[in-house]
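One structure below.
Any read-out appearing in this document is the output of simple, stated calculations on the displayed coordinates, not a laboratory observation. Since the model is a prediction, treat every value here as computed from it, not as a measurement.
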Amino acid sequence: MATTFAPAELRALARLLDELDYYELLEAPRGTAGTALREAYHAASRRFHPDANRRLDPELRGTVERIARRVTEAYSVLRDPRRRRLYDEALGRGDGPRRLQLVESAATATQRTRDEREGRTPQGRRHFAQATADIARGDVAGALRSLQLALTYEPDNAQFRTRLSELRDKTR
């Protein structure tokens with residue numbers, strides 16, 4: 001059964017909405033497991049569903065709809081492991097937004113995946129691309145040199161290390 005809100009409570013929540021992070025909005029502690037997170041979402045969704053609050057005046061219905069959209073947005077980010085990781089990292093730094101736009105999170109995740117796959121520095125990407133071309137031509141020695149150069153620019157790049165290790169194993 002939906003909780004009835006006093007108009008003042010709804011207005012106060014609407015004013016605080018931009019200050020609440022997704023966990024606070026769903027009333028779920030950080031690190032909440034999937035099932036508990038889903039239950040928190042369903043509870044919040046029922047409380048703020050426009051149909052459950054249809055008897056409110058039009059201004060407050062608009063407020064409830066805005067809150068309901070934010071609840072859905074929160075769950076959409078937190079249920080996806082990649083988006084959640086990005087969101088948690090932003091919250092952990094303290095400089096991140098309380099909201100993570102879904103398009104923004106998808107673009108950030110895509111960029112991060114590309115950086116992990118191809119390199120994040122121009123020199124790393126260039127040498128990794130050269131190594132890939134060397135492998136395609138069958139020039140293993142050239143590929144090894146290029147990968148070692150790529151690793152000088154990005155020593156923590158796991159993809160570069162894996163490819164270098166694979167090539168060394170093939171040459172043995």
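Could you state the per residue volume, in Å³, of the convex hull enclosing the Cα atoms of segment 119-171? Mind dumping the intermediate values first?
Numbers: hull volume 3.0 nm³, N = 53.
Here the figure is 57 Å³ per residue.
Please turn the phi angles of segment 37-43 into ³J(HN,Hα) values with the Karplus equation 6.51 cos²θ - 1.76 cosθ + 1.60 (θ = phi - 60°), one per residue in order, whole Hz, x for glycine and proline.
5, 4, 5, 5, 4, 4, 5
Quantify how much of the Cα-Cα distance distribution of segment 5-95 extends past 21 Å, in percent. Before the final figure, lay out each step's value.
Values: 1311 of 4095 pairs.
When all Cα pairs of segment 5-95 are counted, 32 percent exceed 21 Å.
Got a sec to turn the phi values of segment 55-60 into Karplus ³J(HN,Hα) couplings, 6.51 cos²θ - 1.76 cosθ + 1.60 with θ = phi - 60°, whole Hz, x for Gly and Pro?
Rounded to whole hertz, the list is 7, 6, 5, x, 4, 6.
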